[in-house]
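> Pasting in a structure now, in structure tokens, and then I'll have a few things to ask.
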Amino acid sequence: MDTVQLVSPDGTATADHRYRRDLPPETLTWLYENLVVARALDSEFVNLQRQGELALYASCRGQEAAQVGAAACLRKTDWLFPQYRELGAFLVRGIAPAQMAAVWRGAWHGGLDFTQKCCAPISIPIATHALHAVGAAMAAQRLGEDSVTVAFLGDGATSEGDTHEAMNFAAVEKAPCVFYVQNNQWAISVPVSRQHAAPSIAGRAAGYGMPGVRVDGNDVLACYAVMAEAAERARAGEGPTLIEAVTYRMGPHTTSDDPTRYQPAHELEQWAARDPIARYRIHLESNALLTERLEQRVATRSARLCTELREAVVDAPDPDVGELFDTVFAEITPVLSAQREQLLAEIAKET
Ligand SMILES: Cc1ncc(C[n+]2csc(CCOP(=O)(O)OP(=O)(O)O)c2C)c(N)n1
Ligand SMILES: [Mg+2]
């Protein structure tokens with residue numbers, strides 16, 4: 001299966017004319033702004049974890065184009081079902097740094113008030129949210145709404161039974177759902193070569209009876225174009241699409257991981273040469289869109305959001321541990337209630 005690419009790693013336009021290339025200049029520069037701000041904010045998250053302010057963090061470094069491109073072409077009423085690494089998509093959706101940080105501080109479940117922005121909480125249990133995305137898509141279908149849902153999955157997530165069930169169900173029901181797999185080559189320390197024997201992830205779509213598209217996940221314009229096409233299909237009642245965005249996880253799996261124990265250094269170098277931001281910069285420059293004013297705007301917003309994040313996190317009060325139990329069920333069960341009391345009593349004894 002060939003890979004859709006509109007801008008090559010050296011920043012020049014490719015000869016692929018199957019997809020739209022006529023985005024207005026303000027959209028082109030807005031995409032750039034989000035790529036750069038996503039990287040800056042992501043680095044600040046890593047810094048804050050290293051400084052002991054966050055328990056854990058899963059960086060999106062290297063995957064910014066895959067996330068920004070995919071989220072940018074959607075409507076604000078289309079529901080996102082993220083895995084846990086989608087800072088770029090959250091940023092585009094208008095989710096504030098403090099909302100993103102709450103989960104990594106252990107202060108709130110899955111992201112604070114994400115649902116107000118039509119974004120499901122992040123999902124640590126791999127692939128369970130693929131089913132939620134299909135269910136939500138079927139609900140929209142039955143309500144006669146024309147919204148679309150997007151399940152963000154990793155390459156590792158495609159090996160889960162839940163993903164299979166979700167894709168099969170979606171195809172049979174013609175659910176308005178897009179399965180967006182960021183193939184970042186690794187599932188913690190397991191390389192994608194050990195994940196599946198098929199030649200590609202996108203190629204598996206045929207087995208479900210839906211279209212499959214492989215896209216250069218480091219090319220923001222290509223990601224935008226293929227997601228726009230898939231969302232349009234879904235909205236028109238033509239059913240789901242499986243997109244495989246081929247990209248690379250440039251950092252550790254999470255801040256608790258040491259990738260030097262398994263990741264070949266040459267691989268990292270190879271992918272650094274395909275950096276999504278460097279490539280898009282050159283592209284904008286050659287189209288006379290990379291102005292000093294734009295750089296200034298981007299730097300100002302990056303600094304503002306990093307400050308916002310830092311201020312929300314540093315010296316924030318410790319979370320209320322009891323809350324851990326409160327949202328498991330609509331009404332707490334007697335067993336959970338007893339466990340809650342026991343935990344609070346033990347903590348009270350220690351302090
Ligand atoms: C059901 C389940 N099994 C195992 C894990 C442990 N786990 C956490 S992340 C991860 C790898 C996921 O890889 P991938 O889907 O490629 O996403 P990536 O982290 O690369 O973005 C695994 C196995 C989990 N969280 N949930
Ligand atoms: Mg992966």
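The values are calculated or read from the model by the stated rules, or taken from the named source; none is laboratory data. Keep in mind that this is a model prediction, so the values were computed, not measured. Please note: Cβ atoms are built from the backbone with ideal geometry, for glycine as well, and neighbour counts cover all protein chains shown. For accessibility, only protein heavy atoms count, side chains too; no ligands or nucleic acids. Shrake-Rupley method; radii C 1.70, N 1.55, O 1.52, S 1.80 Å.
> Looking at Thr29 and the list (1) buried (at least 21 other Cβ atoms within 10 Å of the Cβ); (2) closer than 30 Å to Ala288 by Cα, which single condition is not satisfied?
Tallying (1) buried (at least 21 other Cβ atoms within 10 Å of the Cβ); (2) closer than 30 Å to Ala288 by Cα, Thr29 fails exactly one: (1).
> In this structure, does Glu267 turn out to be over 21 Å from Phe45 (Cα atoms), within 23 Å of the chain's Cα centre (by Cα) and among the acidic types (Asp, Glu)? Before the answer, list the steps.
Details: over 21 Å from Phe45 (Cα atoms): yes; within 23 Å of the chain's Cα centre (by Cα): yes; among the acidic types (Asp, Glu): yes.
Yes, satisfied.
> While we're on this one: If the requirement is being away from ligand 2 (no atom under 16 Å from the Cβ), open to solvent by 10 Å² or more (accessible area, probe 1.4 Å) and aliphatic (A, V, I, L, M), which of these qualifies: Val172, Val192?
Val172
> Filter region 175-189 down to the residues that are within 16 Å of ligand 2 (Cβ to nearest atom) and among the aliphatic types (A, V, I, L, M), then identify the one that is most open to solvent (accessible area, probe 1.4 Å). Working first, answer last.
So the first thing to find is which residues in region 175-189 are within 16 Å of ligand 2 (Cβ to nearest atom), and the list is 179-189.
From what's left, among the aliphatic types (A, V, I, L, M): 181, 187-188.
Working: Val181: 0, Ala187: 28, Ile188: 85 Å².
Once the filter is applied, the top-ranked residue is Ile188.
> While we're on this one: Which numbered condition trips up Leu290, out of (1) within 14 Å of Ala65 (Cβ to Cβ); (2) not in a helix (DSSP H, G or I)?
Of (1) within 14 Å of Ala65 (Cβ to Cβ); (2) not in a helix (DSSP H, G or I), only one is false for Leu290: (1).
> Taking Thr247, is it within 16 Å of ligand 2 (Cβ to nearest atom), farther than 30 Å from Phe169 by Cα, modelled with pLDDT of 95 or more and within 21 Å of the chain's Cα centre (by Cα)?
Criteria not met by Thr247.
Residues are listed down the side, and each one gets a yes or a no for (1) of a type in the set (Lys, Arg); (2) more than 16 Å from ligand 1 (Cβ to nearest atom); (3) within 15 Å of the chain's Cα centre (by Cα); (4) farther than 18 Å from Arg281 by Cβ:
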| site | (1), (2), (3), (4) |
| --- | --- |
| Ala40 | no, yes, no, no |
| Leu54 | no, yes, no, yes |
| Gly62 | no, no, yes, no |
| Asp78 | no, yes, yes, yes |
| Tyr84 | no, no, yes, yes |
| Gly88 | no, no, yes, no |
| Arg93 | yes, yes, yes, yes |
| Ala102 | no, yes, no, yes |
| Arg105 | yes, yes, no, yes |
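> Step by step: first the residues of region 44-63, then only those that are over 25 Å from Asp318 (Cβ atoms) and in contact (Cβ under 8 Å) with a residue 40 or more places away in the chain, then the one that is surrounded by the fewest Cβ atoms within 10 Å (Cβ to Cβ). Which residue is that?
Arg61
> Moving on to the next point. Hey, can you tell me all the residues within region 172-197 that are near ligand 1 (Cβ under 8 Å from one of its atoms), within 19 Å of the chain's Cα centre (by Cα) and assigned to a strand (DSSP E or B)?
Selection gives Gln182, Asn183, Trp186, Ala187.
> Please indicate, with yes or no, whether at least one residue in region 117-139 is within 16 Å of ligand 2 (Cβ to nearest atom) and within 25 Å of Leu28 (Cβ to Cβ).
Taking every residue of region 117-139 in turn, none turns out to be within 16 Å of ligand 2 (Cβ to nearest atom) and within 25 Å of Leu28 (Cβ to Cβ).
> Which residues, taken from region 89-148, are part of a helix (DSSP H, G or I), in contact with a Pro (Cβ under 9 Å, 6 or more places away or on another chain), polar (S, T, N, Q) and within 25 Å of Phe325 (Cα to Cα)?
Residue satisfying the conditions is Thr115 alone.
> Return the residues of region 72-91 that are within 16 Å of Val226 (Cβ to Cβ) and open to solvent by 10 Å² or more (accessible area, probe 1.4 Å); say none if nothing qualifies.
Ala72, Cys73, Leu74
Yes/no matrix, rows are residues, columns are (1) in contact (Cβ under 8 Å) with a residue 24 or more places away in the chain; (2) acidic (Asp, Glu); (3) under 30 Å from Val134 (Cα atoms):
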residue: Ile243; (1), (2), (3): yes, no, yes
residue: Asp275; (1), (2), (3): yes, yes, no
residue: Arg297; (1), (2), (3): yes, no, no
residue: Glu350; (1), (2), (3): no, yes, no
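> Continuing with the same structure: Out of Ala236, Ala265, Ala225, which single residue is modelled with pLDDT under 95 and more than 16 Å from ligand 1 (Cβ to nearest atom)?
Testing whether each residue is modelled with pLDDT under 95 and more than 16 Å from ligand 1 (Cβ to nearest atom) leaves just Ala265.
> Right, another one. In region 201-250, how many residues are in a loop (DSSP other than H, G, I, E, B) and open to solvent by 10 Å² or more (accessible area, probe 1.4 Å)? Steps first, answer last, please.
Of the residues in region 201-250, the ones in a loop (DSSP other than H, G, I, E, B) are 201, 209-211, 217-219, 236-240, 247-250.
Subset that is open to solvent by 10 Å² or more (accessible area, probe 1.4 Å): 209-211, 236-238, 250.
Here the count works out to 7.
> Let me ask something additional. Kindly provide the set of residues from region 126-161 that are farther than 15 Å from Leu80 by Cα, open to solvent by 40 Å² or more (accessible area, probe 1.4 Å) and touching a helix residue (DSSP H, G or I) at 6+ places or on another chain (Cβ under 9 Å), ordered by number.
Hits for region 126-161 are Ile126, Gln141, Glu145, Glu160.
> Follow-up question, since we're still on this one. For Ala136, only one of the following conditions fails: (1) farther than 30 Å from Arg194 by Cβ; (2) within 16 Å of ligand 1 (Cβ to nearest atom); (3) small (Gly, Ala, Ser). What is its number?
(2)
> For residues that are assigned to a loop (DSSP other than H, G, I, E, B) and closer than 11 Å to Leu153 by Cα, tally how many sit in region 78-88.
Applying the first criterion (assigned to a loop (DSSP other than H, G, I, E, B)) to region 78-88 yields 78, 82-86.
Filter once more, so that each one left must be closer than 11 Å to Leu153 by Cα: 82-86.
Residues that pass the stated criteria total 5.
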